[in-house]
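Below is one structure, written out as structure tokens, with a few remarks after it.
The values are calculated or read from the model by the stated rules, or taken from the named source; none is laboratory data. Keep in mind that what you see is a predicted model, and the values were worked out from it rather than measured. No Cβ is skipped: glycine too gets one built from the backbone with ideal geometry, and neighbour counts run over all protein chains shown.
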There are 2 protein chains.
Amino acid sequence: MSYTFLSQHFEQRYHLQHLGAICGWDQSTMMPPGGSEARAEAMSTLAVLCHQQLQDPRLADWFAAAEQEPLAPQHTVSLAEMRRQWHDATLLPEELVRAMSLAGSRCEHAWRSLRPANDWAGYLPLFEEVLNLSRQAASARAEALGLSQYDSLLEQYEPGMRSERLDTLFGDIKSWLPGLITQVQDKQRDETLLQPKGPFAIEQQRALGLEVMALLGFDFDHGRLDVSVHPFCGGVSEDVRLTTRYNEQDVTQALMGIIHETGHARYEQGLPAHWRRLPVGQARSMGIHESQSLFFEMQLARHPAFIARLAPLLERHFGAQPAFSPDNMARLYTRVTPGLIRVDADEVTYPAHIMLRYEIERDLIEGKMEARDLPERWDQLMQSYLGLGTKGNYRDGCLQDIHWTDGSFGYFPSYTLGAIYAAQQAAAIQQLTPLEQLIENRLTSVFSWLQKNIWQQASLLDTDRLIEQACGQPLDATAFRQHLQTRYLG
Amino acid sequence: MSYTFLSQHFEQRYHLQHLGAICGWDQSTMMPPGGSEARAEAMSTLAVLCHQQLQDPRLADWFAAAEQEPLAPQHTVSLAEMRRQWHDATLLPEELVRAMSLAGSRCEHAWRSLRPANDWAGYLPLFEEVLNLSRQAASARAEALGLSQYDSLLEQYEPGMRSERLDTLFGDIKSWLPGLITQVQDKQRDETLLQPKGPFAIEQQRALGLEVMALLGFDFDHGRLDVSVHPFCGGVSEDVRLTTRYNEQDVTQALMGIIHETGHARYEQGLPAHWRRLPVGQARSMGIHESQSLFFEMQLARHPAFIARLAPLLERHFGAQPAFSPDNMARLYTRVTPGLIRVDADEVTYPAHIMLRYEIERDLIEGKMEARDLPERWDQLMQSYLGLGTKGNYRDGCLQDIHWTDGSFGYFPSYTLGAIYAAQQAAAIQQLTPLEQLIENRLTSVFSWLQKNIWQQASLLDTDRLIEQACGQPLDATAFRQHLQTRYLG
């Protein structure tokens, strides 16, 4: 009975989050600028309400009683996930939650015009407010969870992950990545690259994107594609809202962006229908979420066999041109070039962008660094990891990402964790049937594997067990390294 | 202090309604079909929450205490409006509110495909459920408010309005309208009408619509224009969401629809910024709301002087053609033709559509008629009022409107009340300066009059006093009749 009450309570929470997800999507895709203040207030009220909902005094009694009830094994897991979310969500005082939501909405909204204006001075006070509140949150969470301040934030996105483990993992990657980047650049130096010649009409790019989404099994009855400054996969699992951004001069970027977000979307759409209103039926972690987008983008879409399927679609939408040959497209999509922008980074240099952000956000949260020092530290690390400077170029430096604008500290490691998990998943599939063969003839078998091993598992297992059960071993960068070596040096 | 608590409580309510308004807009404009079940659940949860929020036990004490506090006159009015909304919103049991929201969402969603399919049999059980719940609501409200069942629903949209008064008003209109329709048809019989030749590209129609919205002072920083099956003005006053529907063969309809919704939008955008989070700062009634859309559509946009300004815009967007001459466009836009579809009806026959719906919905709610008898009764009344049959044609008969699908019984009279109020407002302006002159040279003076006399008044006065203060006399159909006679027989 108490388990039933808890389930109903969490289902109500799911419905409230639905409203926030749709209004959040609207805020980034549809809302006129003058609506932002009222929206920020409404979203803040919702955040407080969701927070209050988990502070309902009846919950403690229900949890205590439910743990005495005879439950089927899956319901026991479901109960544990509810308890984990409940505990995690009740660590912060209501006032702080409200202030964070308001400051985050304001900073994110301002960032949309401050970034193009390269206006660091305009951004700094808004960001300082967000950072200040995030530090308060980290302290409160750290104390309650018995974790370090940064780990307490990481826990929100990657339950069970610790910076100590990340240090080891990233230490390993740092030991071979710079050498690999150099080797790949040497190898690619003499390659001939043809850039596709635009303009590529946005309507046509959108049509191509929709076609590729369909090829990748996106369910248009439960989702749609729109435009936003910073692409994301939002909405709810019954109604997934993908976004991308188009550049008339470049068809390759938006296309790959759409494929990336389609990976996120299929994970959401593939969650078990029976469970998705409850925590146990929702995405396992952000690292697993990123593993799906990166599986689609890196393991599938940049595979030569997939590019061979993309090439004729490009020709059909934009007419034939030499640059659309599969070989050339494959070279374009695997070109390694250290650059300033994370979301435009290639597969090989991407982890460097993440390690940079990880080190900075950890120090910001732990108080070892101040907001005002961000541009200088960013410039230093970019110099050290990729040999590029960002002095005075905030737009393409520390102002480039949306994450910190609303206080999502602790998220960035998920990208590289995702890349590693994706490589492990691809290696596991590869052990059954060569990926090339599946991409050429049986793409749906790949989706079935993911459906069974990842999507339908939702949060029924913890991350380590999920990956171990699917791939035969827990988190390990070996498959990722092998994948990069095979693709880029093989 | 209690007044402050109440204000905060109602501001929170405003924020929750914001989420519902945006998600409601999304549901009609953006949502893929598969999202409807989850959306219905989320909207239902929100409806219950808003309901619960007004059942907070602290409210009664706050109201009692606030009424003892020394308040400035406007705050006294604000307090009374909060009390009125609170009382009105607490009449129904939570379970009924939840069931109505769910049944309404389902019926409305199904209606979108059932209407084009002319599927009355598929619609009936869904509609019966909505009607059954609406009757329960009417009974509960009637008992608590000491009103008849139908009046208790009317009170939600037109506070203070009673069916007795409507019977008198509509009785008056019925006494002269049929004769007027005949006279106008006789007069127009020999007019030459040129239909503009399409197709009119939808993108171009949209561009024209946006231009006319700008001419009418719509604030695009606080609103946008989209497409839905049934046009509406939604969103929130800080971010007004207009919709229209386009027909490639007909440019006149969508254009006038946009102008109509722009009237609603300017009312919302013109509400006093200082008050709009509280009931006293929100729209006075649906009749007043419709008076603004009809002021824009009927008093302004169908005025020959306005059509003379529209004609060159049409030419610029679609090229010159004889049909775009101001005289011909004026004849088109004032053509009186009894037809089946309310939203396509001309200004003169429109009240007949409303009186038909008023009589039916009153009888449905009072239990004098059953849902299954709707098509027959509709057909009878259409025959009697406009000489047209709808036998077997549900699509263009009783399935044509969205209102009853979600249980909005009691709304329809607002349209004709709005037409009457709009005529009274135009007559009041006309007494100061001829409307023709204002339309030609000083359109903004018209908006200033509305801004001062209607928009900024929000709910600071009751409807009768609002109209009396603005127009010199309360609700009266004389100006409406004179307007029709002058425009159509003058």
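A few remarks follow.
- Residue check for A:Tyr394: out of contact with any Lys or Arg (no Cβ under 7 Å at 6 or more places or on another chain), over 15 Å from A:Gln299 (Cα atoms), buried (at least 20 other Cβ atoms within 10 Å of the Cβ) and outside the structural domain of A:Glu108 (by TED's automatic domain parsing): yes
- Count of residues meeting criterion [at pLDDT 95 or above, among the β-branched types (Val, Ile, Thr) and not in a helix (DSSP H, G or I)] in region B:394-445: 1
- Test: residue in region A:419-440 that is touching a Leu at 6+ places or on another chain (Cβ under 9 Å), touching a residue at least 24 places away in the same chain (Cβ under 8 Å), within 30 Å of A:Ser44 (Cβ to Cβ) and not hydroxyl-bearing (Ser, Thr, Tyr): no
- Filter pass, B:Asp221 being among the acidic types (Asp, Glu), closer than 30 Å to A:Met31 by Cα and assigned by TED's automatic domain parsing to the domain that holds B:Ile439: yes
- Test for B:Glu191: is it free of Cβ contacts under 8 Å to residues at least 12 places away in the same chain, surrounded by fewer than 14 Cβ atoms within 10 Å (Cβ to Cβ) and over 30 Å from B:Glu359 (Cα atoms): no
- Positions within region B:303-335 being surrounded by fewer than 20 Cβ atoms within 10 Å (Cβ to Cβ) and in a loop (DSSP other than H, G, I, E, B), in sequence order: B:Gly319, B:Ala320, B:Gln321, B:Ser325, B:Arg335
- Test: B:Arg83 is free of Cβ contacts under 8 Å to residues at least 24 places away in the same chain and either closer than 28 Å to B:Glu11 by Cβ or in the same structural domain as B:Ile420 (by TED's automatic domain parsing) (or both): yes
- Of note, A:Asp226 satisfies the criterion of being surrounded by 13 or more Cβ atoms within 10 Å (Cβ to Cβ) and among the acidic types (Asp, Glu).
- Residue match in region B:197-215 (condition: under 29 Å from B:Asp476 (Cα atoms) and either modelled with pLDDT of 95 or more or aliphatic (A, V, I, L, M) (or both)): no
- Listed by first and then second residue, the pairs with beta-carbon distance under 8 Å, at least 6 apart or on different chains, first residue in region B:472-490 and in the same structural domain as B:Thr168 (by TED's automatic domain parsing), second of a type in the set (Phe, Trp, Tyr) and surrounded by 13 or more Cβ atoms within 10 Å (Cβ to Cβ), are B:Leu475/B:Tyr421; B:Arg481/B:Trp176.
- Among the residues of region B:195-252, those that are charged (D, E, K, R) and either outside any strand (DSSP E or B) or more than 10 Å from chain A (Cβ to nearest Cβ) (or both) comprise B:Lys197, B:Glu203, B:Arg206, B:Glu211, B:Asp219, B:Asp221, B:Glu238, B:Arg245, B:Glu248, B:Asp250.
- Odd one out for B:Glu143, checked against (1) surrounded by 15 or more Cβ atoms within 10 Å (Cβ to Cβ); (2) at negative phi: (1)
- Residues located in region A:366-378, provided they are closer than 29 Å to A:Arg481 by Cβ and surrounded by 21 or more Cβ atoms within 10 Å (Cβ to Cβ): A:Trp378
- Taking (1) modelled with pLDDT of 95 or more; (2) more than 26 Å from A:Phe480 (Cα to Cα); (3) under 23 Å from the mean Cα position of the chain (by Cα) in turn, A:Ala140 satisfies each apart from (3).
- Test for B:Arg362: is it basic (Lys, Arg) and buried (at least 22 other Cβ atoms within 10 Å of the Cβ): yes
- Matching residues in region A:364-391 - criterion: being of a type in the set (Gly, Ala, Ser) and under 19 Å from A:Leu126 (Cα atoms): A:Gly367, A:Ala371
- Checking each residue in region A:134-150 for being over 17 Å from A:Ile360 (Cα atoms), in contact (Cβ under 8 Å) with a residue 40 or more places away in the chain and either among the hydrophobic types (A, V, I, L, M, F, W, C) or in contact with a Gly (Cβ under 7 Å, 6 or more places away or on another chain) (or both) picks out A:Ala137, A:Ala140, A:Ala144, A:Leu145.
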